[in-house]
């Protein structure tokens with residue numbers, strides 16, 4: 001009788017354990033079976049972004065990070081749309097498969113493995129599935145892992161393509177079989193010039209048949225090359241499957257440019273050959289392992305699966321759009337589109353960077369190094385506008401020069417970006433305590449941006465200082481004086497420069513603190529902070545004043561924080577970007593108001609979600625996902641709001657965490673250099 005009871009208990013334990021594992025896996029996957037209203041989410045690795053399509057065996061586009069050419073002869077730079085190597089055609093028994101003749105269509109975004117899976121059935125004769133990867137371990141390469149299960153005897157034909165956008169010039173499309181001793185390496189390739197000939201871009205591709213040794217060439221299908229045009233280069237093979245056969249193969253491609261390689265043609269071939277001759281499991285396990293390392297920095301929400309998926313998707317995108325080994329930054333739309341020309345804004349330093357600094361200091365270092373690599377150009381810009389120190393561009397590209405279209409006043413007058421960069425630099429040191437970096441990169445930049453703010457400020461007759469004629473964070477109010485956030489960020493940056501100097505036993509310039517202590521922040525009669533010297537309550541685009549409470553901590557008394565929150569929240573424009581609500585959420589959480597914090601946390605992104613995966617548009621009224629800036633806001637509401645984490649001169653500390661009633665527990669792992677775990681219950 002005891003033995004029988006033991007067996008029953010054992011079964012219960014096993015069922016519970018398996019159920020828990022299944023539940024945990026569900027919190028990593030977003031699945032859809034409906035593509036009527038479809039916005040895809042990108043597979044990316046910090047170098048390339050591959051945007052899937054709802055159409056079977058298709059990808060919408062490929063984006064190349066930090067590879068720019070002018071958008072037009074008289075235009076500014078624009079990130080390149082890459083050659084599309086992700087489109088395949090599949091014929092079964094002579095019929096081309098499409099969404100119109102298949103059933104059981106399903107797509108799953110597996111965030112844990114950074115894998116985008118599509119599956120479907122064709123006429124009860126075959127089941128097809130394929131996994132799309134932007135390989136983290138081979139960062140210029142994509143990989144499509146395909147399997148076909150024959151439910152009857154079938155003949156298949158598979159066509160792989162390199163499709164070159166019309167904007168490219170002088171494409172040359174070829175097919176060659178490279179050979180080293182008995183190893184043959186079939187390479188489909190297109191090489192072309194970018195739209196105004198700044199770069200040469202090369203894409204190589206091939207099919208891979210798993211578990212076939214390279215010396216057994218006779219077991220491989222015969223490849224057929226067909227060049228529809230120089231812009232459409234194709235490679236195909238035919239094969240016969242018997243009923244119940246499971247046929248596995250892959251299509252891989254690599255895309256390189258002269259931005260990163262002197263010889264992109266040959267380098268793209270080498271990446272493809274590496275993927276061709278490296279066992280499938282080795283390639284994909286390394287990719288998965290690298291993503292597993294990234295996910296050591298994670299946010300776990302118990303009791304609210306939808307919030308868990310939303311937050312994971314936000315963090316997935318920030319990881320997917322960045323690399324620790326790149327010294328590159330993140331554009332507002334990441335690698336999902338050419339939105340905002342792929343330029344780098346304050347979106348990185350103020351919105352995306354803080355969560356990454358908490359969870360992955362190696363990526364954070366790449367983001368700040370992107371700026372210090374362009375310090376020389378920023379110093380030149382300051383001189384050219386009559387200022388001292390370094391003046392960073394509102395929109396930055398590979399050159400570090402101003403990349404904003406000339407008609408946009410932001411490019412000429414939105415100067416707070418220079419303070420935002422400086423603040424990010426000191427925060428990196430505060431978290432890492434990397435004094436070698438501070439000496440070589442951190443302080444040299446902080447000194448220059450502090451000198452800029454001294455020269456950019458004007459002393460008033462009463463001894464105070466003003467910063468005049470700027471565009472603030474609220475871009476609805478151009479060319480104003482004493483914008484609250486501009487002045488507040490300058491104050492913060494000047495003080496940080498002095499702290500950095502003292503950390504290195506260098507005497508700080510006395511004018512840095514003098515200006516910081518006397519810069520004007522205007523207020524209304526009731527004590528509410530005034531957005532600029534002439535602000536009269538107009539509609540605002542996004543948070544400006546409220547940033548002085550978080551992240552700047554210039555306003556830190558509860559009555560003023562509350563006045564500013566209640567005054568400015570109703571003034572937010574619906575068409576503005578979502579980040580303001582996330583700032584409000586942080587502030588309410590820090591004030592102990594979990595209800596309003598959760599309300600604004602949800603408001604910061606839910607109206608912006610686009611089906612079926614929840615990709616974020618910039619605003620509730622736009623349709624331009626994926627908005628990585630908004631993802632940064634979501635994560636800040638969690639990390640710096642509910643979890644109560646603060647970045648201080650003593651490092652990362654926790655103060656007064658709070659949990660919304662909708663959640664049972666909040667866990668943040670991999671925090672800071674010591675990879676600490678914080679739990680809020």
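The values are calculated or read from the model by the stated rules, or taken from the named source; none is laboratory data. Everything quoted here is computed from the prediction, not taken from an experiment. For neighbour counting, all protein chains shown are included, and Cβ atoms are generated from backbone atoms with ideal geometry for every residue, glycine included.
Residues that are part of a helix (DSSP H, G or I) and within 19 Å of the chain's Cα centre (by Cα) were ranked within segment 255-300; the one that is surrounded by the fewest Cβ atoms within 10 Å (Cβ to Cβ) is 292. Residue 543 falls short on exactly one of the conditions (1) within 28 Å of residue 460 (Cα to Cα); (2) part of a loop (DSSP other than H, G, I, E, B); (3) out of contact with any helix residue (DSSP H, G or I) (no Cβ under 6 Å at 6 or more places or on another chain), and that condition is (3). For segment 167-193, a tally of residues being crowded, with 20+ Cβ neighbours inside 10 Å and not in a strand (DSSP E or B) returns 1. Filtered by the rule that a residue be part of a loop (DSSP other than H, G, I, E, B) and either surrounded by fewer than 24 Cβ atoms within 10 Å (Cβ to Cβ) or in contact (Cβ under 8 Å) with a residue 60 or more places away in the chain (or both), segment 355-392 gives 360, 373, 385, 386, 387, 388, 389, 390, 391. Among the residues that make up segment 650-663, is at least one of them buried (at least 24 other Cβ atoms within 10 Å of the Cβ) and more than 22 Å from the chain's Cα centre (by Cα)? Within segment 650-663, not a single residue is buried (at least 24 other Cβ atoms within 10 Å of the Cβ) and more than 22 Å from the chain's Cα centre (by Cα). Of the strands (runs of 3 or more DSSP E) lying entirely inside segment 45-135, those containing at least 1 residues that are under 29 Å from residue 173 (Cβ atoms) and more than 21 Å from the chain's Cα centre (by Cα) are 59-70, 88-92, 115-122, 126-134. Among the residues of this structure, residue 448 does not count as one that is at pLDDT 95 or above and within 28 Å of residue 671 (Cα to Cα). Cβ-Cβ distances below 6 Å connect the following pairs, each with a first residue in segment 100-113 that is more than 29 Å from residue 297 (Cα to Cα), a second residue that is in a strand (DSSP E or B), and a separation of six or more residues or different chains: 102/120; 102/122; 103/121; 104/120; 104/121; 105/120; 106/119. Filtered by the rule that a residue be touching a helix residue (DSSP H, G or I) at 6+ places or on another chain (Cβ under 8 Å) and more than 26 Å from residue 439 (Cα to Cα), segment 475-509 gives 475, 478, 479, 483, 484, 485, 486.
Scanning segment 31-55 for residues being surrounded by 21 or more Cβ atoms within 10 Å (Cβ to Cβ) and touching a helix residue (DSSP H, G or I) at 6+ places or on another chain (Cβ under 8 Å) gives a total of 7. Inspection of segment 516-530 finds a residue satisfying the criterion of being surrounded by fewer than 17 Cβ atoms within 10 Å (Cβ to Cβ) and part of a helix (DSSP H, G or I).
Evaluated against (1) at pLDDT 95 or above; (2) within 25 Å of residue 64 (Cβ to Cβ), residue 350 falls short on exactly one condition, (2).
Residue 556 falls short on exactly one of the conditions (1) free of Cβ contacts under 8 Å to residues at least 40 places away in the same chain; (2) outside any loop (DSSP other than H, G, I, E, B), and that condition is (2).
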